[in-house]
Structure formats: C-alpha cells, structure tokens
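First the structure, in the form of structure tokens, and then the observations on it.
The values are calculated or read from the model by the stated rules, or taken from the named source; none is laboratory data. The model shown is predicted, which means the values in this text are computed figures rather than measured ones. Because the Cβ atoms are built from the backbone with ideal geometry, glycine has one as well, and the counts that use them run over all protein chains shown. These area figures cover heavy atoms from the full protein model, side chains too; ligands, DNA and RNA do not enter into them. Shrake-Rupley method; radii C 1.70, N 1.55, O 1.52, S 1.80 Å.
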Amino acid sequence: MPTLDSTPRADGFYMPAEWAPHARTWMLWPERPDNWRLGAKPAQATFVAVARAIARFEPVSVGVSAAQYDNACAQLEHPAIRVLEISSDDAWVRDTGPTFVVNGQGAVRGIDWQFNAWGGLQGGLYWPWQRDDQVAAKILAIEGLPRYRTDGFVLEGGAIHVDGEGTLLTTEECLLNPNRNPQWGRAAIEAQLGDYLGVRQIIWLPQGLYNDETDGHIDNFCCFVRPGEVLLAWTDDPQDPNWTRCRAALAVLEQSRDAAGRSLTVHRMPIPGPLHVSAEECAGIDRVAGSQPREAGLRLAASYINFLIVNGGIIAPCFDDPCDAEAAAILRRLFPEREVRMVPGREILLGGGNIHCITQQQPRG
Ligand code: KQY
C-alpha cells in the first residue's frame, strides 16, 4: 500500500473516538528484561489476561518477535486472537502503532508518527528504537491500509485523546517538551494535529500524572467518556504530588469549550495508592546502561484512567487497592451500556504504563 504525501484532513479523514466501532485491537508481546521483571514472564501472563479480556468483545492481533513466537502462540491460544511476527523494541503499541483515521464512508488509513522512545537521547527510555519506529508501517502493511508518515514530527498515541467530533485533549508537559519536537511551537503543533487528526479544538492540560515516565501522557490522566464529558484522575490528599496537577487540570477543563462549543462535564476518578515499586520487584529487572533505571520505593504512576474502550466493553486495570471497587463503579456508571472488566494491572504498571498504553484500536471504518 502507498505512503501518501497528503494529509488526512486534506483527504477527508479524521481520528474517530475510541468508542466508535472497532475492527480489532492490536497488542505487542512484552519481552525485554531491562523493562519487564523476571524475563517478562509475569508481564506476559498479564498481557494474556488483557488479550483474553478484549477477545470477549472483538478480535485481537498480537505482534511478537521470532524468538518469542512459539511461546506467545501457546499462551495466546484463543479463536479471537491472532499472533503475528512483528519485531519491536518493546510492547507499547499505543505509542508505536498507527493512529487510525477514517473518512466516514468506510475507508480506514493509518498515521505513522515518528517515534523517539519518549524523548530520544534527551530523557528517552531506551536506545535503539528503530524497530519500534517500524511497527506502525508493518501493521498498516499487514492490514493493506494506506499510510501517512510524519518524518520530522514526533508523537505517541498515548499523548492524545479525541472525542471524534473535533476536540483533542493533551498535555503541555509532553507535547511541548523539548525532547519531542524542539523546533515546533504550540501553534505549529496545533496545526499539525489539525491536519493529521482532523481536530479543530485542542485542550492543553499543563501536566500529566506525577512520575509518568512518558512525560505526562494524557491517556494516564484524563480521557473523554463521551462528547462533552471527561474523566480526570483525582486526589484529595494535599501531600500527594498529584494534588496540584489535578487542580491545574481541572481549572483548564472547567474553562474550556469543545469543538462544538460545549462546556465540559468533569468526572473524577480516584488515584490508587499511592503505589511504589518494591525491592523484590526491582531485583527482577536486568540492569542495562541507557535503559530506564528502576529503584525500590519509586512512586508508580498508577491510574484507572488507563483503560481501553472496546466493542461493548471497558477493559480497565485494578491494583488490589481499596479504590478498585470505586473505580469499577465509576466506570459502570459512566458507561452503562458496556460491560466493565477489571484486569490486574500492576505488572504493566511496573513497566511504565497500563492497559491503554499496550493496546491500539483499529476502527471498523
Ligand atoms: O505509557 C505509555 N504509553 C508507554 C510507557 C512506556 C514505558 C516504557 N518503559
């Protein structure tokens, strides 16, 4: 399939909301021992649980290295799960996979953002990352879908949320970070997001969650639940470093309008914990120069916001935390037409993200 030299907006394409019908969800298989403890075995078990939870609602495609192909096929055996050999540097397909766009007449295409491992050589999480940067093109080739490539513009899918009606949520902490697109100012970034995602209104929250190693991805902090309504991670503890972040975000959201001119209803989601990495968990991670160091006691960027909307369902992380029941109840109240399934997410959290970060929905078109 061709790589297009136009833009989605010029061709009549836009990014649909996550709640629009899906053809499938993509995942990648975790493997690297400097990010996933104990040779990634506990993480692999969790990815299997996530894949199986999603497969109750829609097909799942999982990319895996040649070295892990047999193991992944055996563990992921399920009629709705397809395993494909796709090399990658790690397992965050939200960020390395394509952002799919549609034209409202049944056609689907993909955006292949330039990827630099969340900051390149200025605070990025590992080097090299060129296999990750090839993931989107490989997925689009497998699906036979046309590709837009943004050479010279770095973005991760976890840094954006859209309502499908012209509004985009993001954070200044991530998109204006000099380790992403230092030569691009806010206006140029807004124009680029408009050209590629078809959005007209961009809501910039100052920061994401404390200690999020992605530099504050929005998908760990705040999301749309439907047009005009957002769900924001929240703490009432003034000692929590998230306290000021949550209030700064709320202040922006309360004075914002979406692309349709609506003011926003802001729902609050408790932040679990605070949760920290244990010494035992740290001991299971390979120490490799240039990879993200993991120290015992580090505050984890745990968030129930990091869930995936699937056809008829919500797949959300739980943490064996007193807030788990309230989080599930909030999701059931906000998505009454969907079945909410909570999957233990600590092993994904230890790797630096959660369920939304390890999945990428492909719209039905
Ligand atoms: O949260 C994400 N979207 C990605 C997290 C990457 C963490 C790598 N250790």
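Descriptive notes on the structure:
- Residue within the range 78-101 that is farther than 29 Å from GLY39 by Cβ, at pLDDT below 95 and away from the ligand (no atom under 13 Å from the Cβ) present: no
- Enumeration of residues in the range 299-313 that are surrounded by 17 or more Cβ atoms within 10 Å (Cβ to Cβ) and either in a loop (DSSP other than H, G, I, E, B) or out of contact with any Asp or Glu (no Cβ under 8 Å at 6 or more places or on another chain) (or both): LEU300, ALA301, ALA302, SER303, TYR304, ILE305, ASN306, PHE307, ASN311
- Residue check, GLY104 more than 26 Å from ASN35 (Cβ to Cβ), open to solvent by 20 Å² or more (accessible area, probe 1.4 Å), modelled with pLDDT under 95 and not in a helix (DSSP H, G or I): yes
- Residues that are more than 27 Å from GLN122 (Cα to Cα) and in contact with a strand residue (DSSP E or B) (Cβ under 9 Å, 6 or more places away or on another chain) do occur in the range 297-304.
- Just so you know, in the range 133-158 the residues that are hydrophobic (A, V, I, L, M, F, W, C) and in a loop (DSSP other than H, G, I, E, B) include one that is nearest to PRO178 (Cα to Cα), and it is LEU155.
- One residue stands out in the range 163-175 among those that are away from the ligand (no atom under 16 Å from the Cβ) and under 18 Å from the mean Cα position of the chain (by Cα): the one that is farthest from GLY261 (Cα to Cα), namely GLU172.
- Here GLN75, GLN44 are screened, and the one residue that is open to solvent by less than 40 Å² (accessible area, probe 1.4 Å) and away from the ligand (no atom under 15 Å from the Cβ) is GLN44.
- Hits in the range 1-60 - residues which are touching a residue at least 40 places away in the same chain (Cβ under 8 Å) and acidic (Asp, Glu): ASP11, GLU18, GLU31, ASP34, GLU58
- The residue that is farthest from the ligand (Cβ to nearest atom), among those in the range 325-354 that are assigned to a loop (DSSP other than H, G, I, E, B) and touching a Ser or Thr at 6+ places or on another chain (Cβ under 9 Å), is GLY345.
- Qualifying position, being among the acidic types (Asp, Glu), more than 16 Å from the ligand (Cβ to nearest atom) and out of contact with any Asp or Glu (no Cβ under 7 Å at 6 or more places or on another chain), among ASP195, ASP212: ASP195
- Contact annotation: residue pairs with Cβ atoms under 6 Å, 6 or more positions apart or on different chains, pairing a residue in the range 119-133 that is in contact (Cβ under 8 Å) with a residue 24 or more places away in the chain with a partner that is aliphatic (A, V, I, L, M) and within 14 Å of the ligand (Cβ to nearest atom), are GLY124/ALA117; LEU125/ALA117; TYR126/ALA117; TRP129/ALA117.
- Looking only at the range 314-347, residues that are surrounded by 17 or more Cβ atoms within 10 Å (Cβ to Cβ) and not small (Gly, Ala, Ser) come to 18 in all.
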